[in-house]
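Beneath this line is the structure, given in structure tokens, with notes to follow.
The values are calculated or read from the model by the stated rules, or taken from the named source; none is laboratory data. Because the structure is a prediction, the values reported are computed rather than measured. Every residue, glycine as well, gets a Cβ built from its backbone with ideal geometry; the counts of neighbours run over all protein chains shown. When the accessible area is computed, the model is the full protein with side chains, heavy atoms only, and any ligands, DNA or RNA have been set aside. Shrake-Rupley method; radii C 1.70, N 1.55, O 1.52, S 1.80 Å.
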Amino acid sequence: MRIENQPAYQDMSQQHYRHALEPGYHLHWYTIDKVLGQGGFGITYLAHDTNLDQKVAIKEFLPAALVIRDENNAIQPSTEEHVPQYQWALDRFITEARTLAKFDHNNIVRVLAVFEANNAAYIVMR
């Protein structure tokens, strides 16, 4: 049953994602197109790799419960108490990306690159 004045479906492209980078944002040689989804520890974007001229997915380390994004798009722990937890989780995120990059299998997403920017880390995937 539908509530009056509410659309029958929600256009996911219009959904707001907390702390997301804006479409058109340039990150290294990638241009953010849109958000694909957001979870507890990250946000995934569809992006264009301007170096290789191809579409990629980029996962940004973004534990929303622990951080804020400042006016320069840098990720900062929201309190001093979150700094050790943030740094520990950031290190694990980078380690996981490096581990996944060693695999080339049809059932495992292919990691093309991992890099740090905006006081965060990013995993670039096929």
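Each row is one residue, and each column tells you yes or no for (1) open to solvent by 40 Å² or more (accessible area, probe 1.4 Å); (2) touching a Cys at 6+ places or on another chain (Cβ under 9 Å); (3) under 16 Å from ALA47 (Cα atoms); (4) at pLDDT 95 or above.
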| position | (1), (2), (3), (4) |
| --- | --- |
| ALA65 | yes, no, no, no |
| ILE68 | yes, no, no, no |
| GLU71 | yes, no, no, no |
| SER78 | yes, no, no, no |
| PHE93 | no, no, no, yes |
| ARG110 | yes, no, yes, no |
| PHE115 | no, no, yes, yes |
| ALA121 | no, no, yes, yes |
| VAL124 | no, no, yes, yes |
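Applying the condition of being among the aliphatic types (A, V, I, L, M) and at pLDDT 80 or above to region 1-24 and asking which residue is least open to solvent (accessible area, probe 1.4 Å) yields LEU21. One residue stands out among those in region 25-44 that are over 11 Å from TYR122 (Cβ atoms) and in a loop (DSSP other than H, G, I, E, B): the one that is most open to solvent (accessible area, probe 1.4 Å), which is PHE41. Within region 90-109, the residues that satisfy the criterion of being of a type in the set (D, E, K, R) and under 16 Å from the mean Cα position of the chain (by Cα) are ASP91, ARG92, GLU96.
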